[in-house]
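Encoded as C-alpha cells, the structure appears first; notes follow it.
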Amino acid sequence: MAKTSTTTQGLRAAIERSGYYPALVAEAVEAAVGGEPMRSYLVHQETTFDQNEVRRHVTVLVLTANRFIVSHTDEQAADSTSPTPYATTSTESVKLGRISSIVVSRVVANPESYKPGTLPREIVLTIGWGAVSRIDLEPAACGDPDCEADHGYTGSSTADDLSLRVSEAGDGPETVRQALAFAQALSEATADLH
C-alpha cells in the first residue's frame, strides 16, 4: 500500500488514540519515515508499574518499501539530571534485508473448537535483525551421574531486538488485528528479499 493521506491519517489517528505525547511521537516517526511510502504500521501503548510509579511507553512500528522503522517513547520522572519530568524518544531505521526473523506467537482460547479467522486472545510479535542478541549459557553435563569432569558450557543465542505483546483484553481487538496485519505485511516484505 502506498503512502496516502488515508494511511498517514490512520497512523496519526492511532498515535492520537494512544494518548501518549502525540505531537512528540508523531514528529519523531514522521521524521524517520521521511517521504517514503508506508505499507503498514502498528502503534502500541504500554503502561507498567515501577514500585510507586506508573510509567508509560509507546512503540510505533512502520513498514515502508525499503525499511522497518521502530520508534520508542518513554516518560521519566524528575530526577538528579532533570528537575522536571521528561520523555525520551528514539527511532531506529532497519533495512528490510537485515531482518532475520519474525516470530508471531498466538494464544487462542478453546483450541478444540477453533475456527479459522478467529482472533487470537493475544499475540507476541518478536522481530530480529541482529542489533541485540541474548545468550543463555548453562554448565554442560554428560549422562553419567558420577562424572566430575568439566564439560564446559552449552547454550543458545537468540535474536531479541524487539518483542511486543498485544492482547485483546488489554489493548482491544482492533490492536490485535492491526498487529497481525503488520506482522503479515512485514513477513511478505522480507520474503520478497530472500
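Brief remarks on what is shown
- Scanning the stretch 52-96 for residues that are of a type in the set (Asp, Glu) and at pLDDT 95 or above turns up just one, 92.
- Scanning the stretch 174-187 for residues being modelled with pLDDT under 95 and more than 14 Å from residue 61 (Cα to Cα) gives a total of 1.
- Cβ-Cβ distances below 7 Å connect the following pairs, each with a first residue in the stretch 75-99 that is without any contact (Cβ under 8 Å) to a residue 24 or more places away in the chain and farther than 17 Å from residue 127 by Cα, a second residue that is in a loop (DSSP other than H, G, I, E, B) and open to solvent by less than 70 Å² (accessible area, probe 1.4 Å), and a separation of six or more residues or different chains: 84/78; 85/77; 85/78.
Matching residues to (1) assigned to a loop (DSSP other than H, G, I, E, B); (2) open to solvent by 80 Å² or more (accessible area, probe 1.4 Å); (3) in contact with a Leu (Cβ under 8 Å, 6 or more places away or on another chain):
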| position | (1), (2), (3) |
| --- | --- |
| 62 | no, no, yes |
| 106 | no, yes, no |
| 115 | yes, yes, no |
| 118 | yes, no, no |
| 127 | no, no, yes |
| 147 | yes, no, no |
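The values are calculated or read from the model by the stated rules, or taken from the named source; none is laboratory data. Worth saying up front: this structure is predicted, and the values here are computed from it rather than measured. All Cβ positions, even for glycine, are placed from backbone atoms using ideal geometry, and neighbour counts span all protein chains on display. Protein only, heavy atoms only, side chains kept; ligands, DNA and RNA dropped before computing areas. Shrake-Rupley method; radii C 1.70, N 1.55, O 1.52, S 1.80 Å.
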